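Engineer: What follows is a structure written as structure tokens; I'll ask about it next.
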Amino acid sequence: MSLLSNAAVLLGKELRTEFRSRELLTTTVVFILVVIVLFSFTFDPTSSESRRFAPGLLWLAFLFAASLMLQPCFLREQNNDTLSALRLSVHDPFAIFLAKLMANTLFLVFTQVVLLPVFSILYNISVAGVFPQLMLVMLMGSLGLSVTGTALSAISAQARMRELLLPLLLLPLLTPVLIASTEATAALLDAKPELRWDWLGFLLAFDAVFLTALWLFGEYLLEE
Amino acid sequence: MKKNVLIASVVVLLMCAAAYASLFVAPTESKMGTIQRIFYLHAPSGMVALLSFFVCFVGNLAYVFTRQPKWDWLGVSAAEVGMAFCTVLILTGPIWAHPVWGIWWTWDARLTLTFVLWLLYISYLLLRTLVDDPDRRAMVSAVYGIFAFLDVPLVYGSIRWWRTQHPQPVIMGGPGSGLEPTMRLVFRFWFVNLVILMIFLIRERYRLEAMRAEVKLIEREAEGA
């Protein structure tokens, strides 16, 4: 029980830090907007074309944005060595990871809620009818992104060239998430929308595998 | 030193014998012709690459739990050897695919998996070059190695569901699969040889890593004195 209560306190701290400055969320939203606009130059976004490409573009944009957004996750704990303080304050170091990955999931879902309507207008795709189902896919995908991303940001924070290293470590690892989320999103944006439970189950499996791995091995990443 | 030269010559002789077997002993395949002979190098390389990555995974796990540097040395040695076999796999594939499929590359399940695998372990080796402290490097790369290996079945599963074009597994495939007896023999010979080569290379690389650690230690002692 102390794990969850610790994590809840730390989650509150993560959210407070973010909502005092709002740096991370604003830059991420603007970054995804830039990517979406740039994508529109690479092909003709008519409605039949965009049905085919849009889900992939959307998830690629989120993947790139996440690999940038997750950078400061552990880096900013190094400035005043707050990581040591965090480690001393919790019984199980997994609470630190749990809080950070929950915060990152919330941030990602938030950017998706903000950007999905914009995206649907710009690319001529109606999401109104399937919005709740889309959010479910987004939540599961974001969880997968955050679980692996939080772990790898703890790794890359200890290396040189960390800004380049995190995307390099993270993006190949996220291949299954990209495929499963894109397929599930594409099925929902299809002319005959369908919620693909098989891909959702796959995302759930991915999340479970890496959450377990993080639970087992995460603490070793936080040692001095 | 003598023992090493002996082992190395045996490995080289075995590889020559394997090359001879695939070029002259194995019969020519009826549909694909002589290009099929690359299969004896191609398919076992893939299996041995996976085997090396598994050895790397075992080394990573053992390091996390025991923190003995030797497991880290095993991890990096196996990852590098696995990369070498994976590169052979990626290079020999297109040479076969171009005459048979008419294209160099296709985004089929196993091809894509190999590519992603290759990228994952390149990242693993890159990560190692970017962390200076040896203990830190060993620990973070071990955890990344575990994550990378856990990702392999997931990548394969996701791409498999998504699309596939590669010839169905010839060995242990469905009914109607299977190799002609001489071909099977040559294939097994190649597989055993490549496993021997893998063990030899990992062993040599491991010794190099151990030697490096020893030199570091002596350097530090010399500085202290």
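Engineer: Among the residues in the stretch A:187-199, are any within 9 Å of chain B (Cβ to nearest Cβ) and under 21 Å from B:THR112 (Cβ atoms)?
Structural biologist: Checked the stretch A:187-199: at least one residue is within 9 Å of chain B (Cβ to nearest Cβ) and under 21 Å from B:THR112 (Cβ atoms).
Engineer: Okay, moving on. Could you tell me whether the stretch B:55-73 includes any residue that is assigned to a helix (DSSP H, G or I), in contact with a Ser or Thr (Cβ under 8 Å, 6 or more places away or on another chain) and surrounded by fewer than 23 Cβ atoms within 10 Å (Cβ to Cβ)?
Structural biologist: No, the stretch B:55-73 contains no residue that is assigned to a helix (DSSP H, G or I), in contact with a Ser or Thr (Cβ under 8 Å, 6 or more places away or on another chain) and surrounded by fewer than 23 Cβ atoms within 10 Å (Cβ to Cβ).
Engineer: Look through A:LEU195, A:LEU188, A:LEU204, A:LEU216 and report the one residue that is modelled with pLDDT under 90 and surrounded by fewer than 18 Cβ atoms within 10 Å (Cβ to Cβ).
Structural biologist: Numbers: A:LEU188 fails: surrounded by fewer than 18 Cβ atoms within 10 Å (Cβ to Cβ); A:LEU204 fails: modelled with pLDDT under 90; A:LEU216 fails: modelled with pLDDT under 90.
After ruling out the rest, the residue left standing is A:LEU195.
Engineer: Among the candidates A:THR182, A:THR212, A:THR150, which residue alone is within 23 Å of B:ARG160 (Cα to Cα), within 13 Å of chain B (Cβ to nearest Cβ) and part of a helix (DSSP H, G or I)?
Structural biologist: Numbers: A:THR212 fails: within 23 Å of B:ARG160 (Cα to Cα); A:THR150 fails: within 23 Å of B:ARG160 (Cα to Cα).
Result: A:THR182 is the single residue among A:THR182, A:THR212, A:THR150 that is within 23 Å of B:ARG160 (Cα to Cα), within 13 Å of chain B (Cβ to nearest Cβ) and part of a helix (DSSP H, G or I).
Engineer: Related question: If you check B:VAL155, B:VAL100, B:VAL131, which single one turns out to be part of a helix (DSSP H, G or I), within 7 Å of another protein chain (Cβ to nearest Cβ), more than 15 Å from the chain's Cα centre (by Cα) and of a type in the set (Val, Ile, Thr)?
Structural biologist: B:VAL155
Engineer: Could you please find all residues in the stretch B:46-61 being among the β-branched types (Val, Ile, Thr) and touching a residue at least 40 places away in the same chain (Cβ under 8 Å)?
Structural biologist: B:VAL48, B:VAL55
Engineer: Among the residues of the stretch B:134-152, what is the count of those that are facing chain A (nearest Cβ under 9 Å) and either within 17 Å of the chain's Cα centre (by Cα) or crowded, with 21+ Cβ neighbours inside 10 Å (or both)?
Structural biologist: 11
Engineer: Between A:ALA8, A:ALA66, which is of a type in the set (Gly, Ala, Ser) and surrounded by 16 or more Cβ atoms within 10 Å (Cβ to Cβ)?
Structural biologist: A:ALA66
Engineer: Scan (1) more than 30 Å from A:ASP44 (Cα to Cα); (2) buried (at least 24 other Cβ atoms within 10 Å of the Cβ) for the single condition A:GLU163 breaks and write down its number.
Structural biologist: (2)
Yes or no, residue by residue, for (1) crowded, with 17+ Cβ neighbours inside 10 Å; (2) under 16 Å from A:ALA65 (Cα atoms); (3) β-branched (Val, Ile, Thr):
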| residue | (1), (2), (3) |
| --- | --- |
| A:LEU88 | no, no, no |
| A:PHE94 | yes, no, no |
| A:ASN104 | yes, yes, no |
| A:VAL114 | no, yes, yes |
| A:PHE119 | yes, yes, no |
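Engineer: Any residue in the stretch A:91-107 that is aliphatic (A, V, I, L, M) and more than 15 Å from the chain's Cα centre (by Cα)?
Structural biologist: Yes, the stretch A:91-107 contains at least one residue that is aliphatic (A, V, I, L, M) and more than 15 Å from the chain's Cα centre (by Cα).
Engineer: When you look at B:ARG207, is it over 18 Å from B:PRO27 (Cβ atoms), at pLDDT below 90 and in a helix (DSSP H, G or I), yes or no?
Structural biologist: Working: over 18 Å from B:PRO27 (Cβ atoms): yes; at pLDDT below 90: no; in a helix (DSSP H, G or I): yes.
Taking the combined requirement at face value, the residue does not satisfy it.
Engineer: Given A:ILE96, A:ILE125, which one is aliphatic (A, V, I, L, M), within 30 Å of A:LEU214 (Cα to Cα) and out of contact with any strand residue (DSSP E or B) (no Cβ under 6 Å at 6 or more places or on another chain)?
Structural biologist: Just a single option satisfies the conditions, and that option is A:ILE96.
Engineer: Additional query: Is one or more of the residues making up the stretch A:23-44 of a type outside the set (D, E, K, R) and not in a helix (DSSP H, G or I)?
Structural biologist: Scanning the stretch A:23-44, I find at least one residue that is of a type outside the set (D, E, K, R) and not in a helix (DSSP H, G or I), so the answer is yes.
Engineer: Test of understanding: among A:LEU108, A:LEU134, which residue is away from every other protein chain (no Cβ under 12 Å), farther than 29 Å from A:LEU10 by Cβ and part of a helix (DSSP H, G or I)?
Structural biologist: After applying the criteria, what remains is A:LEU134.
Engineer: Go through A:THR212, A:THR182 for me and flag whichever is more than 13 Å from the chain's Cα centre (by Cα) and touching a residue at least 60 places away in the same chain (Cβ under 8 Å).
Structural biologist: Values: A:THR212 fails: touching a residue at least 60 places away in the same chain (Cβ under 8 Å).
None of the others qualify; the one that does is A:THR182.
The values are calculated or read from the model by the stated rules, or taken from the named source; none is laboratory data. Being a predicted model, the structure only gives us computed values, none of them experimental. Here Cβ is always computed from backbone atoms with ideal geometry, including for glycine, and neighbour counts include all displayed protein chains.
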